[in-house]
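Some notes on the structure that comes next.
No lab work stands behind these numbers, since they all come straight from the coordinates. From a predicted model like this one, the values you see are computed outputs, not experimental measurements. All Cβ positions, glycine included, derive from the backbone under ideal geometry; neighbour counts span all protein chains shown.
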Amino acid sequence: MGPIQLEPNKVAAELSKLGEKLAKGMNVLKNVPDVHYGASEKEAIYKEDKLVVYRFKSAHKVTHKTPLLIAYALVNRPYMVDLQDDRSIVKSLLAAGHDVYLIDWGYPDPSDRYVTLDDYINGYLRRSVKAVSKHTGVDKINLLGICQGGAFSLCYASLYPETLQNLITMVTPVDFQTPDNMLSHWTQDMDVDLFIDTLGNVPADLMNWCYLTLKPFRLLQQKYVGMTDILDNPAEMENFLRMEKWIFDSPDQAGEAFRQFIKDFYQGNKLLKGGLKIGDKAIDLKAIKLPILNIYAEQDHLVPPNASRALKGATSTKDYTELSFKGGHIGIYVSGRAQREVPPAIDQWLRKRG
């Protein structure tokens, strides 16, 4: 293969075109308003410490008697499920007649240094479920756990199955030691005791940096190069900046909860293998007999498909459904394909189960 021949006239034209786009882009950036995420109106129905449980208001009639509570991960803000008007799983579920609630775990500060997984699961999550039940006047609710929130929801379902009607897990790790799990490889030899004893809480910026370096070319370079293609498009730039704001608006991690999560889930793989205890309560996935819908993303770099698919056969349910989505860990919430496929699948699955 010979050397690439550059035509000066074409290079000059491309550079001139790029210059014009950058100039227009500067004007666009000056006029783009401060972006916010969270498209659907909501009201707080329960508060405890930094936690708030919200109910989303809907213009549609509620046709599902059983409310749906969403438990997101601790490491990001939960509004990825309601990012903007045309990218909102919540909005689609509301339109389908669901009564939707969401746990906002809040932002841990140094006073939360000793908050444990026991506090999160046997405490906050249990009382959040109880609050939704009380608010709606039902004995059992539907629980949708996302990512780490899905792992929490599995633990909860094994301990308090009498409070749940159905369980949905989305991009949820169950096997934390699949060969393609890069986060798992990073944590296997981690001295988490030294890490937490030194830092206390885990800084959000450190967590973000770890996630970004899992795909450094794609997440630290390529997307910003690609941004030049939309610089002169106000709507696209607003979408881009909203996503950036969500990515970097991350809470710190409570030290003791992080310590146990790394030790017992990643290093010990106890959720799947057994031996996991949350507080003084033993977790046994075989205790779960509820109907389960398990949704995973085929191109997920944070929770590989096999990490999620390990849930099949790990519980005692006779009603297990698996749904694969052609996308990544974030695309499953916000892509156009996700809006067309994921909420309708959840709605249809729940309708069949009353």
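When the chain is treated as a GNM, springs tying every alpha-carbon pair under 10 Å, which of Pro343, Pro179, Pro304 comes out with the largest mean-square fluctuation? For the chain, modelled as a Gaussian network with Cα springs under 10 Å, the answer is Pro179. Diagonalising the gyration tensor over the Cα atoms of segment 284-354 and scaling each eigenvalue by 5 before taking the square root yields semi-axes of 22, 17, 7 Å, largest first. Using Cα centres only, tell me the gap between segment 98-172 and segment 270-321 in whole Å. Between the Cα centres of segment 98-172 and segment 270-321 lies a distance of 15 Å.
Kirkwood Rh over Cα pairs of the chain into Stokes-Einstein at 10 °C, 1.306 mPa s: D in µm²/s? Don't skip to the answer; put the middle values down first.
Working: Rh = 21.7 Å.
Rounded to a whole number, D works out at 73 µm²/s.
Using the average count of surrounding beta-carbon atoms within 10 Å as a protection proxy, the listed peptides 165-171, 65-71, 91-97 rank, highest first, as 165-171, 65-71, 91-97.
Within 10 Å of each residue's Cβ, count the other Cβ atoms and sort Phe248, Phe176 from fewest upward. Display every interim value, and only then the final one.
Working: Phe248 12, Phe176 26.
Result, fewest neighbours first: Phe248, Phe176.
Give me the log10 of I(q) over I(0) for segment 124-178 at q = 0.25 Å⁻¹, as the Debye formula computes it from C-alpha points; what are the numbers? Taken in order of the listed q values, log10 I(q)/I(0) reads -0.97.
Report note on the peptides 311-319, 258-266: ranked by the mean count of other C-beta atoms within 10 Å, highest first, their order is 258-266, 311-319. From least to most packed, judged by other beta carbons within 10 angstrom and beginning with the fewest, Lys277, Lys286 follow the order Lys286, Lys277.
Label reach from Tyr114 (point 7 Å along Cα→C-beta): in segment 190-212, amide nitrogens under 19 Å belong to 193-202. Within the chain, the longest run free of GluC sites (Glu not before Pro) that sit in a DSSP loop with at most 14 other Cβ atoms within 10 Å is 42-297. When the alpha carbon coordinates of segment 43-162 are projected onto the principal axes, the ranges are 42, 33, 22 Å, largest first.
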